[in-house]
1. State which entries of LYS128/LYS431; LYS176/LYS408; LYS463/LYS571; LYS481/LYS594; LYS57/LYS176 exceed 26 angstrom in Cα-Cα distance in the structure shown.
2. With each run of n ≥ 4 DSSP H residues scored as -39500 (n - 2.57), what mean residue ellipticity at 222 nm is computed for the chain after dividing by its residue count and rounding to the nearest 500 deg cm²/dmol?
3. How charged is the neighbourhood of ASN494? Take every other residue with its Cβ under 15 Å from the Cβ of ASN494, and add Lys/Arg as +1 and Asp/Glu as -1.
4. So if I take the centroid of the Cα atoms in the range 55-84 and the same for the range 460-533, what is the distance between those two points in Å?
5. Based on alpha-carbon centroids, what's the gap between the range 143-179 and the range 335-361 in Å, whole number please?
6. Once amide H atoms are built 1.01 Å from N in the peptide plane, which residues 5 or more positions from PHE232, or in another chain, come under 5 Å H to H?
7. Rounded, prolate or oblate, given the Cα gyration tensor of the range 170-269, with a/c below 1.5 counting as rounded?
8. So for each of 13-19, 459-465, 490-496 I average, over its residues, the number of other beta carbons within 10 Å; can you give me the resulting order with the highest mean first?
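The values are calculated or read from the model by the stated rules, or taken from the named source; none is laboratory data. All of these numbers come straight from a predicted model, not from anything done at the bench. So basically every Cβ, Gly included, is an ideal-geometry build from the backbone, and we count neighbours across all protein chains shown. Just so you know, the surface numbers come from the protein's heavy atoms only, side chains and all, with ligands and any DNA or RNA stripped out. Shrake-Rupley method; radii C 1.70, N 1.55, O 1.52, S 1.80 Å.
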Amino acid sequence: MNTKEQASRFLMQATLGANYPLIEKVSQDGINNWLDQQLEHRVEEENGFVKDGFYQKTHDIWRGKSETKGFKKKLIDAYTESNINGAGNNPALPYNYYFRQAWWHKTLVQGNLAEDTNLDNDFTEQPKISETEANADNLVRHRVAQALSEILVISDNSILELDAEGMASYYDLLYKHALGSYKDLLTDVSLHPCMGVYLTHINNRKAEPTKNIHPDENYAREIMQLFTIGLFELNPDGSHQQENGKDIPTYNNDDIKEMARVFTGIKASEYNFEYPNAVLNFDGEDVRMADINGQEIDFNDGINNSVKMIPYVSMIKPMATEDDYHDLEPKKLLNGWIDLPKRTASGGSATLADIKAAVSRLVEHKNTAPFIAKKLIQQLVTSNPTPAYVKAVASAFGKSGNLKAAVKTILTYPQSNVVTIGDSDISNIQKLKSPLLRVTQLLRAFNVSNEQKRLWLIGSDIKDDLNHHILSSPTVFNFYKPDFIPHGDIEKENKVAPEFELYNAHTSISYVNMVYRWLFGEALPLVSTQIKTGVTPPHVVPELDAETLLANTQSKLNLNFDAELPLAADKNKWSQLIERVSLILTGKEQSSVKTNILDALDKQNDPSNPNNSLWIVQTVVFMIAVSPDFAILEA
């Protein structure tokens, strides 16, 4: 059994946000017992995809389970297919916000709202809230998937914005493998078309100098620099090895060129455009999409190369391999750590063998365990982990990349060890919460919901305010660098504070204004469940018209303050109210701004106002949500 404060702080690390009942449960069951149950969660698959996963939800929101419903059907009914199929017009595609809608729904519903078996006949043709979504046994898996999304980065700040289903299926990989093998995860990531598009190794071919064809080196570089071994040789505790007082590089340009040869002969699996009946023109040549939809792609099939790319290909099936365009010669890099033999063409299996062998050796490299361990610790617990903490997690990660063991060590090690450099206290956690985590924690803390049980947030308003959103970083280097150092006391202490790179005049002011709008303006994030109609030509983005969305009261989000309102109605219980909200949001009952809150309540209290109790709760939540206590995860 643990105290509620211990449980609350733990859940800030292990989940995307907890409400009071969950804090009570973890406190009573014990942190380790609850965590062990979470780590045993298993992912079911159906038709090759995660069952009831992010891809399925995105698919169903866009086109319905039967593929005859969803937003696509509404757009066709409103504007006719010929006006939105891309043939001389702006096509209505499953754009990035459909994945965002699915992600937010699953994030906010998970374990917070009860199952609702009523079918959503207008859109998904599925229960409004499924049994899987209502279940709370996968909260850690979901949190780790989000952390991995900021390590194995793809982003809709790219052409990937054209395919929400592809991005959702990529996120499913992170979710599926979050408590599994990093080796398996990185292999699947390397072959996912979204990564192929984002880091440009899709349609990569072996060198043909006479035709000025050379392998693309982008993914070859980043899989080493960002996804496995990093820039410099490391000790098991994450510290840099040195030679003559200088850091030792892990790889050089020749290694990048050799690795690029590994990732040749890769292409999308098949042609697949949203509107098969469309006739599209590429470089003066008309292509009737129905003639090629579903057809396997061949580098030499005579079809314009522009059609071998998003949005004309499958973005949900793994990329295919074609040995005739793969460099079959031996490959040797990283001082012989990776030593691949000459291979014989065999229907794509030679290409796949090279990729799997290279990924396996990268994950087994002595650098990968401490490199990824430190990144995960920084994402989940603390910004400046001690060498001993990194070493313990790296040991659990091991050569195979055991994520389950690594996550367990990350979350349990702080219970009895010093975890942050520069302080001798046990469990001395210090980390600025990212903007996204502050949002998810705040919304989940008070069981946000709406009448329709469609928590389909479009996310654009949140991203505009905070410069942070799932799968939406500006570059492959994520939203912030893991070694970012803000000027001031943190710099003087020779520490890093990665999330502070997102903290500036715009985001800090916007965050306060955003929380104020949510609480006092009742303007929580926008949800899209309908389209703007009656406009010719079609509205640029009918699903995102703010005026239309704001007018739909059934989709409007509301925070649930049922447990807090009775405390607000009794002045003698205001301190209890503040302690409850502070516990949920900051992990400690005694808020540093408690005196300020009580002073504000005393001055503005109006018992004659029928909404006075609501105003009191809103004020308490607001003042704690904009306080340093909430922004900083500290123990």
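1. Details: LYS128/LYS431 36 Å; LYS176/LYS408 17 Å; LYS463/LYS571 38 Å; LYS481/LYS594 34 Å; LYS57/LYS176 15 Å.
Pairs exceeding the cut-off: LYS128/LYS431; LYS463/LYS571; LYS481/LYS594.
2. Per the formula, -12000 deg cm²/dmol.
3. -3
4. 31
5. 26
6. THR250
7. Working: a/c = 3.43, a/b = 1.20, b/c = 2.85.
Note, shape of the range 170-269 comes out oblate.
8. Values: 13-19: 23.3, 459-465: 19.4, 490-496: 13.9.
For the peptides 13-19, 459-465, 490-496, the packing ranking is 13-19, 459-465, 490-496.
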